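A.B. asks: Sharing a structure, written as structure tokens. Questions coming.
The values are calculated or read from the model by the stated rules, or taken from the named source; none is laboratory data. Remember, it's a predicted structure, so these values are computed and weren't measured experimentally. For neighbour counting, all protein chains shown are included, and Cβ atoms are generated from backbone atoms with ideal geometry for every residue, glycine included. With ligands, DNA and RNA removed, areas are computed over all heavy atoms of the protein, side chains included. Shrake-Rupley method; radii C 1.70, N 1.55, O 1.52, S 1.80 Å.
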Amino acid sequence: MKTILIAVFTAALTLTLTAVERTTYRDGSGRMAGSATQNGNRTIYRDASGRMAGSATQNGNRTTYRDASGRMAGSAATNGNRTTYRDASGRITGTATTNGNRTTYRDASGRITGTSTDNGNGRTTYRDASGRNRGTSTK
């Protein structure tokens, strides 16, 4: 009996725990805009009312996005510091390039649509192409 308990206890200690991480999004005025809860390779996105807005599943360097009903909404593939976003039909909709703590977002034509800056304290600031504050996220 002791051998079985020790084996179960040892097996339980070797299981890896998956941390659940929550990110809160706020608009430029500081009002709650939504949240994301990541558990393993899956992220659930919720609107400001707490309703599920969609999900993302990561597999290696590829992320698949689905809407609230589970339909494919798009994907992203990361190669080095560049991420390419595609719609559900596979057409490129934009890119994101990270340099240091700053990510620059571009549309399919290559025009800058905005930036995000990781402030190093679990907070990210989002700005539009003109540099206006559009919101923040906090982990």
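A.B. asks: Please give, to one decimal in nm, the separation of the simple spin-label points placed at R82 and M52, each 7 Å out from Cα toward the Cβ.
C.D. replies: In this crude spin-label approximation the distance works out to 3.5 nm.
A.B. asks: Around A33, which amide H atoms from residues at least 5 apart in sequence, or from another chain, sit under 5 Å from its own amide H, with H modelled in the peptide plane?
C.D. replies: So A33 has HN proximity to Y25, R26, D27.
A.B. asks: Shifting gears a bit: Out of the total accessible area of the chain (probe 1.4 Å, heavy atoms of protein only), what percent is carbon and sulfur?
C.D. replies: 50 percent
A.B. asks: Whole-Hz ³J(HN,Hα) for each residue in segment 122-134, computed from phi via Karplus 6.51 cos²θ - 1.76 cosθ + 1.60 with θ = phi - 60°, x for glycine and proline: what do you get?
C.D. replies: x, 10, 10, 10, 10, 10, 7, 4, 8, x, 6, 5, 10
A.B. asks: List the residues of segment 46-67 whose backbone N lies under 13 Å from a point placed 7 Å from the Cα of R106 along the Cα-to-Cβ direction.
C.D. replies: none
A.B. asks: Whose amide H sits under 5 Å from the amide H of A53, counting only residues 5 or more places off or on another chain, with H placed in the peptide plane?
C.D. replies: For A53, the qualifying residues are Y45, R46, D47.
A.B. asks: Continuing with this model, one more query. Could you please report the charge total around T117, scoring K, R as +1 and D, E as -1 over all other residues with beta-carbon less than 10 angstrom from its beta-carbon?
C.D. replies: It works out to a net charge of +2.
A.B. asks: If you roll a 1.4 Å probe over the heavy atoms of the protein chains, what accessible area per residue do you get for the chain, in Å²?
C.D. replies: Computed with neighbouring chains in place, this is 68 Å² per residue.
A.B. asks: To check my understanding: the extent here is largest minus smallest coordinate of the Cα atoms along each principal axis. What are those three numbers for the chain, in Å, largest first?
C.D. replies: Largest to smallest, the principal-axis extents are 69, 34, 34 Å.
A.B. asks: What's the Cα-based Rg to Rh of segment 60-139, Rh via Kirkwood?
C.D. replies: Value, to two decimals: 0.99.
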